[in-house]
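Just so it is clear, none of the values below were taken in a lab; they were calculated from the coordinates. This is a predicted model, so every value here is computed, not measured. Positions of Cβ are generated from backbone atoms using ideal geometry, with glycine treated the same way; all protein chains shown enter the neighbour counts.
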Amino acid sequence: MPLADEFQELLDALPSDWTDLELDLRIDEERYVDAATLLVTCNAQPYSNHDWHFHLIVAHQFGHAASAPTTHGTLRLLDEAGIDGELILREVRAGRVEVTQMWGRPESVRQEFRRIRSQ
């Protein structure tokens, strides 16, 4: 199964309140450099001495990680380049909320922030 489709299946199986997830990616070692240049777009972290090649962190609505659409697009690039791989879910976090300092901001900003985050 293509990596992008596998990732989409994984996302579809998650609860709606997931906040971030961690994935490991193993790719064809002969295409490691090609894969690394494509994986830069989703900030994949290479493992040095591990049986998996890359560690990906994906954010749902907020956080210091690549967005799900960006990660999906990057995996699609790997598929289109003919780079085979294996993806495994390591950890999912759900139910966390973003904390933002609202002191000194007008009520209209607070309401807009709540409206955007409640979707």
Mean separation of Cα contacts under 8 Å (at least 6 apart) over the residue count of region 1-83, i.e. the relative contact order in percent, is 38 percent
Qualifying chymotrypsin sites (Phe, Trp or Tyr not before Pro) for region 4-49 [loop in DSSP, other Cβ within 10 Å: at most 14]: TYR47
Okay, which of region 80-115 sit inside 18 Å, backbone N to the point 7 Å along the Cα-Cβ direction of TYR47? 84-92
Would you tally the net charge around ALA65, using a Cβ to Cβ cut-off of less than 11 Å, leaving ALA65 out, and scoring K and R as +1, D and E as -1? -1
Would you look at the GNM of the chain, springs on alpha carbons closer than 10 Å, and say which of ARG76, ARG93, ARG26 moves the most? ARG93
I need the Debye-formula profile for the chain: one equal scatterer per C-alpha, no solvent, reported as log10 I(q)/I(0) at q = 0.10, 0.17, 0.18 1/Å, two decimals. -0.37, -0.83, -0.90
Where both partners of a DSSP beta bridge lie in region 3-117, what percent of those bridges are antiparallel, to the nearest 5? 90 percent
In a GNM of the chain with a 10 Å cut-off on Cα contacts, which of THR71, THR19, THR37 has the highest mean-square fluctuation? THR37
For region 12-55, Kirkwood radius (reciprocal of mean inverse C-alpha pair distance, Å): 11.9 Å
Segment TYR32-GLN8, length gained on full extension (0.36 nm per residue, minus Cα span): 6.3 nm
